[in-house]
1. What are the distances, in nm and sorted shortest first, from the label point of A:Pro91 to the label points of the same position in each other copy, with each label point placed 7 Å from Cα along the Cα-to-Cβ direction?
2. Tally Lys and Arg at +1 and Asp and Glu at -1 over the other residues with C-beta under 14 Å from the C-beta of A:Met101: what net charge comes out?
3. Treating the beta-carbon of each Lys and Arg as +1 and of each Asp and Glu as -1, no other charges, what is the dipole magnitude of chain B about its Cα centre, to the nearest 20 debye?
4. Cα centroid distance between the stretch B:68-109 and the stretch A:46-109, in Å?
5. Please label the shape of chain A as rounded, prolate or oblate, based on the square roots a ≥ b ≥ c of the eigenvalues of the alpha-carbon gyration tensor (a/c under 1.5 means rounded; beyond that, a/b larger than b/c means prolate, else oblate).
6. Place a point 7 Å from the Cα of B:Arg71 along the Cα-to-Cβ direction; which residues of the stretch B:25-54 have their backbone N under 16 Å from it?
7. How much net charge surrounds B:Asp14 when only the other residues with a Cβ under 11 Å from the Cβ of B:Asp14 are counted, with Lys and Arg +1 and Asp and Glu -1?
8. Below 15 angstrom from the Cβ of B:Arg45, what's the summed charge of the other residues (Lys, Arg +1; Asp, Glu -1)?
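None of the figures in this text is laboratory data; all of them are computed from the coordinates on show. Worth saying up front: this structure is predicted, and the values here are computed from it rather than measured. Reconstructed Cβ throughout: ideal geometry from the backbone, glycine too, with neighbour counts over all protein chains shown.
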Protein chains: 2
Amino acid sequence: MTLHHPERDQIRIDSVLSALGSPLRLAVIRLLDGTGEHNCSSVLRTLSVPSKSTMTHHWRVLRESGVIRQRPAGREHLLSLRREDLDARYPGLLDAVLSAMGSDDAVCA
Amino acid sequence: MTLHHPERDQIRIDSVLSALGSPLRLAVIRLLDGTGEHNCSSVLRTLSVPSKSTMTHHWRVLRESGVIRQRPAGREHLLSLRREDLDARYPGLLDAVLSAMGSDDAVCA
């Protein structure tokens, strides 16, 4: 099965924002930022997500909106943030979102 | 009926992003930005939305996430963007989103 990824110029801001509009998916983004490829299992462990099947939907939303890249590697998938594409299309957006998560952390602490 | 609005420090980034993750709601934000209060009918006319009832859900999503303020005025509601609150909580976010819409316009043109 080929995993669909939009090209850089097919990415749309409403899909990106909708994909990011979830605490769990935001946590994934923060984890992937600046750390290259992660396999799905390690992301699940780090975020304490018990069920792999719960995440299938989330990976697809993130991938089909152009936020992450997901590639098969053996029996697993490797995930990475498409920071270069997102920064090229929407300068400042990802940094503003990541920094916004920090503001929420501060308020909730 | 009192309309619920979160206080500035109750605003959460995942709700804001989820609220903005829709072409129609993004169009509302762009329209409201920098132009003070608009009544609902004028927003609908400008965006060529035929049905008032379609929008009830969208106003609520935008209001409850802290993106817009909605206040009754006679038989209508007046809408405004909570730019000051959003800029204070999430510096650069709204500008990055508005500018991202411009990037999409350019790609789709």
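1. From this label point to the equivalent ones elsewhere in the assembly: 1.9 nm.
2. Neighbour charge sum, excluding A:Met101 itself: -1.
3. 440 debye
4. Using only Cα atoms, the two centres lie 24 Å from each other.
5. oblate
6. Once the point is set 7 Å along Cα→Cβ of B:Arg71, B:35-40 turn out to lie under 16 Å by backbone N, inside the stretch B:25-54.
7. Spelling it out: positives minus negatives among the neighbours equals +1.
8. Result for the local shell: 0.
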